[in-house]
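Peer 1: Below is a structure I'd like to ask you about.
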Amino acid sequence: NNQDAMKQQAAEAALTYAEGGVIGVGTGSTVNHFIDALARIKGRIEGAVSSSEASTKRLEGHGIRVFDLNAVGELSLYVDGADEANHALQLIKGGGGALTREKIVAAASRQFVCIADQSKLVDVLGAFPLPVEVIPMARSHVARQLVKLGGTPVWREGVITDNGNLILDVQNLDLIDPVTLEQAINNIAGVVTVGIFALRPADLLILGTADGPKTLHP
Ligand code: DER
């Protein structure tokens, strides 16, 4: 369909940034197109560091070597999708439940290239429910603190993350100041990761559009 074609467009355009070494790879349907494209030029790279079991399986299925982050040190490039992006390239992520390892690999990478279809670009973040990964025993405590911040947390029941944790999806938060909210939620005891990527936003956003791929800078 149209949206999938735009995801593929953005993913293909990101290939030019994969110049060699080990590439950090995110998670989701847009990234799946990037992994499939990466397979065509896998001789150009040494391998990848993955942000989820799902991406690891897809990479290995293409014969791309997957490294443990501890074995490679800093990365030059991280490519990942987003649920929402504003014009400062601050992101909401976690729709696919891989936010913790995504945030780790993004932090360990010099350049974060975000790939998305045009529907993900918004003026103000927050229409998408904010994913928060929590330690299981802290689920109710964290939920109560999120309510104090004005949120409406909903437990993503039936989902256990690759790290053995739970996810709360939080509606109705005011995300006009994403950095302050990211810091406030980071400080709640029991929170592992909040799906706001504002302290460390993307460096580039490649947007798939009806008129072809557009590259946006902050
Ligand atoms: O879970 C995630 O953070 C994914 O990257 C998500 O934000 C994008 O998934 P999609 O490419 O399937 O829309």
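The values are calculated or read from the model by the stated rules, or taken from the named source; none is laboratory data. Keep in mind that what you see is a predicted model, and the values were worked out from it rather than measured. Because the Cβ atoms are built from the backbone with ideal geometry, glycine has one as well, and the counts that use them run over all protein chains shown.
Peer 1: Looking at the range 59-71, which of its residues are in a helix (DSSP H, G or I) and touching a strand residue (DSSP E or B) at 6+ places or on another chain (Cβ under 7 Å)?
Peer 2: Leu59, Glu60, Leu69 - these are the residues of the range 59-71 that are in a helix (DSSP H, G or I) and touching a strand residue (DSSP E or B) at 6+ places or on another chain (Cβ under 7 Å).
Peer 1: Going by what's in this entry, would Thr180 be described as of a type in the set (Ser, Thr, Tyr) and in contact with a strand residue (DSSP E or B) (Cβ under 8 Å, 6 or more places away or on another chain)?
Peer 2: no
Peer 1: If a residue counts only when it is among the small types (Gly, Ala, Ser) and either modelled with pLDDT under 95 or within 16 Å of the ligand (Cβ to nearest atom) (or both), which strands (runs of 3 or more DSSP E) contained entirely in the range 104-218 have at least 1 such residues?
Peer 2: The strands (runs of 3 or more DSSP E) meeting that bar are 109-117, 204-208.
So that you can scan it fast, the table gives a plain yes or no per residue for (1) crowded, with 22+ Cβ neighbours inside 10 Å; (2) within 11 Å of the ligand (Cβ to nearest atom); (3) among the β-branched types (Val, Ile, Thr); (4) free of Cβ contacts under 8 Å to residues at least 60 places away in the same chain:
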residue: Ala14; (1), (2), (3), (4): yes, no, no, no
residue: Val31; (1), (2), (3), (4): yes, yes, yes, no
residue: Ala37; (1), (2), (3), (4): no, no, no, yes
residue: Gly47; (1), (2), (3), (4): no, no, no, yes
residue: Gly61; (1), (2), (3), (4): no, no, no, yes
residue: Ser76; (1), (2), (3), (4): no, no, no, yes
residue: His87; (1), (2), (3), (4): no, no, no, no
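Residues are listed down the side, and each one gets a yes or a no for (1) more than 18 Å from Gly95 (Cα to Cα); (2) in contact with a strand residue (DSSP E or B) (Cβ under 6 Å, 6 or more places away or on another chain); (3) of a type in the set (Ser, Thr, Tyr); (4) not in a loop (DSSP other than H, G, I, E, B):
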residue	(1), (2), (3), (4)
Asp4	no, no, no, yes
Gln9	yes, yes, no, yes
Gly20	yes, no, no, no
Leu38	yes, no, no, yes
Lys42	yes, no, no, yes
Gly73	yes, no, no, no
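Peer 1: Whether any residue in the range 96-105 is touching a helix residue (DSSP H, G or I) at 6+ places or on another chain (Cβ under 6 Å) and surrounded by 16 or more Cβ atoms within 10 Å (Cβ to Cβ) is what I want to check.
Peer 2: No - not one qualifying residue is present in the range 96-105.
Peer 1: Search the range 174-183 for residues being crowded, with 20+ Cβ neighbours inside 10 Å and of a type in the set (A, V, I, L, M), and hand back the single one that is farthest from Met137 (Cα to Cα).
Peer 2: Leu175
Peer 1: Please give the number of the condition Asn1 fails out of (1) out of contact with any helix residue (DSSP H, G or I) (no Cβ under 7 Å at 6 or more places or on another chain); (2) in contact (Cβ under 8 Å) with a residue 40 or more places away in the chain; (3) closer than 17 Å to Gly208 by Cα.
Peer 2: (2)
Peer 1: Run down Thr27, Thr56 and say which single residue is part of a loop (DSSP other than H, G, I, E, B), within 16 Å of the ligand (Cβ to nearest atom) and either modelled with pLDDT of 95 or more or small (Gly, Ala, Ser) (or both).
Peer 2: When all the criteria are applied, what remains is Thr27.
Peer 1: For the range 122-132, check the following and say yes or no: at least one residue is over 20 Å from Asp80 (Cα atoms), surrounded by fewer than 21 Cβ atoms within 10 Å (Cβ to Cβ) and touching a Gly at 6+ places or on another chain (Cβ under 8 Å).
Peer 2: Checked against the condition, which is being over 20 Å from Asp80 (Cα atoms), surrounded by fewer than 21 Cβ atoms within 10 Å (Cβ to Cβ) and touching a Gly at 6+ places or on another chain (Cβ under 8 Å), the range 122-132 yields no hits at all.
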